[in-house]
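Visitor: The structure that follows is given in the form of C-alpha cells.
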2 protein chains.
Amino acid sequence: MQHLDTTDLRILSAMCARPKASAVALATELSLSRNTVQARLVRLESNGALLPFEQRVNPAALGFGLVSFVHIHVQQRLLGQIVEQLKAIPEIIEAHGVTGSADILARVVASGAEELFRVNGQILAIEGVERADTSLSMAELIPHRTTSLMDLRLAAGNGTGSRSTGSAAEVAG
Amino acid sequence: MQHLDTTDLRILSAMCARPKASAVALATELSLSRNTVQARLVRLESNGALLPFEQRVNPAALGFGLVSFVHIHVQQRLLGQIVEQLKAIPEIIEAHGVTGSADILARVVASGAEELFRVNGQILAIEGVERADTSLSMAELIPHRTTSLMDLRLAAGNGTGSRSTGSAAEVAG
DNA sequence: ATCAGGATTGGGCAACATGCACTATCCACG
DNA sequence: CGTGGATAGTGCATGTTGCCCAATCCTGAT
C-alpha cells in the first residue's frame, strides 16, 4: 500500500467535498496543474487508495435494511473452505478474521428477520462452523466516515504552506 | 428509504462495472434514454441509494492500516453524550448500537498498536463507558461488497425481459 | 373508459471536460 | 553534475454535461 502525500490528501478531501467536480475544477481549486490532478487520480485508483465504486451503494436501498454482525466460531483447520462458502452467500457483505473470542466477524444484511434467520442457517450449515452469534444493528450511531481521518492527517502535516510538495510532506505512514 | 426498481438496479450495476462510463455511455449500454439515466442518477443520489464519495477512500492508504472492532459497554442513560464524544474521536470511523452483550460496536482504525491503545484510552475515558473489548482484524476475508446484493436482486426480478419498466419489476422491498 | 400526472424518449445547444500529446521546468537522488 | 520522474502549461479532437423542449408512454384514480 503506497502511502499518500499532502497533495494526494488535498485532492481526496476536495473530491469528498465536491464529488462532481471535474479534474479541471479540482486543479483550479487546489492551485495545481490539471495534468498533475489527472496523474494523481490515476495513481490513487491504481494503488488502492480509492476503493471500488460499489462501496457507495447503500444496501438498505436494495432492500437489505436489516444489518447484523455475526460472530462466527469455526474449526481453524477448515478456515479456507469456510471462507469460500461464506463468500457464496450474497448477504454476507464483509468479513474479517479477528482476534478475540470469535474467529470471524461478518456483516450480514437482510430484508428482515426471517431472511436473516435463513442466512444464519446457511452459515451454520457450513462444515466447520461451530457457532454463530448475531448482534443486530439497532442504530447507525456513526455512519461510515473517512473524512475524519483525512482531516487528521492534513492537520498533522500542514506545516508546509498551501503548496505542498511530495516527499517533504509525506504524512501518512 | 425509497426502494429501487430494476432500471435503477441495472444502472447501479453498470456503474459498478464501469465507474468511469458517462451517462451517455450507460444509456447506450442499457438501451435507455440519456435523460432517463440522468434523472435516475439524480434520484439515486438524492434518495440515499448512493452514499457519499468518502466511502471509497481506503483508510489504509491514509496510514490507518490497523483495523479493529471495539465492543463498548456503556451506562444506557448516558448514551447520547457518549455517542457525541465517540464522534469526536476521528479514528472511530463507524459505530452501531447493537443488540447482544455489548451496547455499541465500533470500527476503530489506527496506524499501529500504540495508537490503537491510545484511542482505546480515549474511549474508556468517556464518562459512562464501562468497558471496551477490542478485536483486531487479522485478515479481510471478504472485502466490503454490494454487487452480490445487486446480483441477487436482479436475478430475483429478471422475469420481465431486457427492458424492464418501473413498478412491474419493483423488487427491492 | 377517461383523465391527469409523472416518467421516459429523442433531440438540441452552449459550455465544458477528457484523454492524450507535447515541451519546458523542477526536484530529488546517486 | 547528470538523470529520471514529477509537475506545469498548453493544445486538440472528441465526447459529455446540464438544461431545455415537445411528444409519447405508463399508471393509478375516478
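The values are calculated or read from the model by the stated rules, or taken from the named source; none is laboratory data. Everything quoted here is computed from the prediction, not taken from an experiment. Cβ atoms come from the backbone with ideal geometry, glycine included; neighbour counts cover every protein chain shown. With ligands, DNA and RNA removed, areas are computed over all heavy atoms of the protein, side chains included. Shrake-Rupley method; radii C 1.70, N 1.55, O 1.52, S 1.80 Å.
Visitor: Of the residues that make up the range B:38-52, is at least one open to solvent by 20 Å² or more (accessible area, probe 1.4 Å), small (Gly, Ala, Ser) and under 30 Å from B:Ala110 (Cβ atoms)?
Guide: yes
Visitor: Another question, then. Consider B:Ser162 against the criteria (1) more than 11 Å from every other protein chain (Cβ to nearest Cβ); (2) at pLDDT 95 or above; (3) open to solvent by 50 Å² or more (accessible area, probe 1.4 Å): it satisfies all of them except one. Which criterion is unmet?
Guide: (2)
Visitor: Criterion first (more than 17 Å from the chain's Cα centre (by Cα), within 16 Å of DNA strand C (Cβ to nearest atom) and of a type in the set (Gly, Ala, Ser)) does B:Ala102 satisfy it?
Guide: On the way: more than 17 Å from the chain's Cα centre (by Cα): yes; within 16 Å of DNA strand C (Cβ to nearest atom): no; of a type in the set (Gly, Ala, Ser): yes.
Judged against the criteria, B:Ala102 is not a match.
Visitor: Next up: Any residue at all in the range A:88-111 that is touching a Pro at 6+ places or on another chain (Cβ under 6 Å) and outside any helix (DSSP H, G or I)?
Guide: yes
Visitor: Conditions: (1) outside the structural domain of B:Ser31 (by TED's automatic domain parsing); (2) of a type in the set (D, E, K, R); (3) modelled with pLDDT under 95. B:Glu91 meets all but one. Number of the miss?
Guide: (3)
Visitor: Looking only at the range A:1-21, count how many residues are open to solvent by 60 Å² or more (accessible area, probe 1.4 Å), free of Cβ contacts under 8 Å to residues at least 40 places away in the same chain and not charged (D, E, K, R).
Guide: Adding up the residues that qualify gives 2.
Visitor: Scan the range A:9-40 for residues that are within 18 Å of the chain's Cα centre (by Cα) and within 15 Å of B:Asn58 (Cα to Cα) and jot them down.
Guide: Passing the criteria: A:Leu9, A:Leu12, A:Ser13, A:Met15, A:Cys16.
Visitor: So which residues in the range B:130-157 are in contact (Cβ under 8 Å) with a residue 60 or more places away in the chain and polar (S, T, N, Q)?
Guide: Of everything in the range B:130-157, those that are in contact (Cβ under 8 Å) with a residue 60 or more places away in the chain and polar (S, T, N, Q) turn out to be B:Thr134, B:Ser135, B:Ser137, B:Thr146, B:Thr147.
Visitor: Going residue by residue through the range B:76-85, is there one that turns out to be more than 20 Å from B:His144 (Cα to Cα), in contact with a helix residue (DSSP H, G or I) (Cβ under 7 Å, 6 or more places away or on another chain) and open to solvent by 10 Å² or more (accessible area, probe 1.4 Å)?
Guide: No, that holds for no residue.
Visitor: Kindly provide the set of residues from the range B:86-120 that are open to solvent by 40 Å² or more (accessible area, probe 1.4 Å) and without any contact (Cβ under 8 Å) to a residue 24 or more places away in the chain, ordered by number.
Guide: If the condition is that a residue be open to solvent by 40 Å² or more (accessible area, probe 1.4 Å) and without any contact (Cβ under 8 Å) to a residue 24 or more places away in the chain, then B:Lys87, B:Ala88, B:Thr99, B:Gly100, B:Glu114, B:Phe117, B:Arg118 are the ones that fit.
Visitor: Could you say whether any residue in the range A:24-33 is more than 7 Å from every other protein chain (Cβ to nearest Cβ), more than 16 Å from DNA strand D (Cβ to nearest atom), part of a loop (DSSP other than H, G, I, E, B) and not aliphatic (A, V, I, L, M)?
Guide: no
Visitor: Tally the residues that are farther than 14 Å from A:Leu12 by Cβ, more than 7 Å from DNA strand D (Cβ to nearest atom) and of a type in the set (Gly, Ala, Ser), restricting the search to the range A:35-51.
Guide: So the answer is 1.
Visitor: From A:Ala88, A:Ala61, A:Ala113, A:Ala102, which residue is away from chain B (no Cβ under 11 Å), under 30 Å from A:Ala132 (Cα atoms) and more than 14 Å from DNA strand D (Cβ to nearest atom)?
Guide: Working: A:Ala88 fails: away from chain B (no Cβ under 11 Å); A:Ala61 fails: away from chain B (no Cβ under 11 Å); A:Ala102 fails: away from chain B (no Cβ under 11 Å).
When all the criteria are applied, what remains is A:Ala113.
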